[in-house]
Amino acid sequence: VQLQASGGGLVQAGGSLRLSCAASGRTFINYVMGWFRQAPGKEREFVAVLGWSSGSTYYADSVKGRFTISRDNAKNTVYLQMNSLKPEDTAVYFCAAARGGTHLYTLTYEYDYWGHGTLVTVSS
């Protein structure tokens, strides 16, 4: 299984970015896909999660209403649309996949596969 995250960059506060996570190596219909982020000197934290088959989503309070997680079945890709970005959103963003089902996991140890991160920098 490979997860390839991309789309990071430098953006001004209030701007938008869309991150992509291209998944390969298997079908992800029974997987849960998550986005996490890690700021310098801080622990990795949950951002958003999506159940691939159900389409259900859940967000961290800090991003709710600003970020949207979605998927493209044909491309086997998960997206994170980030709007109204703030300097405190600056971090390396990681996508991850967890086997099995219906629960929307929010803890790092619950995920089985991780991609390399993509850096998002929001300037004030």
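Remarks
- Full-extension gain in nm, residue 123 to residue 88, via 0.36 nm per residue minus C-alpha separation: 11.7 nm
- Shape class of segment 85-124 from the Cα gyration tensor (axes a ≥ b ≥ c, square roots of the eigenvalues): prolate, since a/c reaches 1.5 or more and a/b is larger than b/c.
- Length released on extending from residue 12 to residue 60, taking residue separation times 0.36 nm less the Cα-Cα span: 15.1 nm
- Under Karplus coefficients 6.51, -1.76 and 1.60, residue-wise ³J(HN,Hα) of segment 75-82 in Hz, glycine/proline x: 9, 6, 10, 10, 10, 10, 7, 10
- Label separation (residue 70 vs residue 42): 2.6 nm, computed from points 7 Å beyond Cα along the C-beta direction.
- Short to long, the 10 Å bins of the Cα pair-distance histogram for the chain hold 15, 50, 30, 5, 0 percent of all pairs.
Readers should treat all values here as calculations from the given coordinates under stated rules, not as data from a laboratory. Predicted model only: the values in this text are computed from it and were never measured. Every residue, glycine among them, receives a Cβ derived from its backbone with ideal geometry; neighbour counts consider all protein chains shown.
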